[in-house]
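See structure below.
The values are calculated or read from the model by the stated rules, or taken from the named source; none is laboratory data. Every value quoted in this text rests on a predicted model; they were computed, and no experiment measured them. All Cβ positions, even for glycine, are placed from backbone atoms using ideal geometry, and neighbour counts span all protein chains on display.
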Amino acid sequence: MSDEFRSGMHLAIYDRNSFQRFLSLDIVGENVPEETTILNFRHGLETHRLTEAIFAEIGTHLAQKGLTMKTGEGTQIYTGSFKNRRCSTAC
C-alpha cells in the first residue's frame, strides 16, 4: 500500500461526512484513526483472508438488489440497466 494511499485515506475520513458516518466517528469529539491504525487493520483483514469474504458477502447483497460490483483500481457498483453509470457511495 502506497504512502499516498494511506495519507489519502486519513484525509478522506476528515473530508467526507459519509466516511465519518460509516465509521461512526464524530471528528469533533473523537480522533480519526492514524494511518498506522488503518494499515494495521487492513493487514489484519488480509492475514485472516477476511477481505475476500467481506467482498463476497457484499457482492451477494448487491446481486440480490440487481447490482453488480466490479473491482480493479477501485471498486465500482453498477445497476443492471445503467452499466455505464457508477453508483455513488450511498449504494
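Scanning the range 23-40 for residues that are without any contact (Cβ under 8 Å) to a residue 12 or more places away in the chain and surrounded by 11 or more Cβ atoms within 10 Å (Cβ to Cβ), we see that the one that is nearest to the chain's Cα centre (by Cα) is L23.
Residue-wise test of (1) modelled with pLDDT of 80 or more; (2) hydroxyl-bearing (S, T, Y).
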site	(1), (2)
E4	no, no
F19	yes, no
E30	no, no
T37	yes, yes
F41	yes, no
A53	yes, no
T60	yes, yes
Y78	no, yes
T89	no, yes
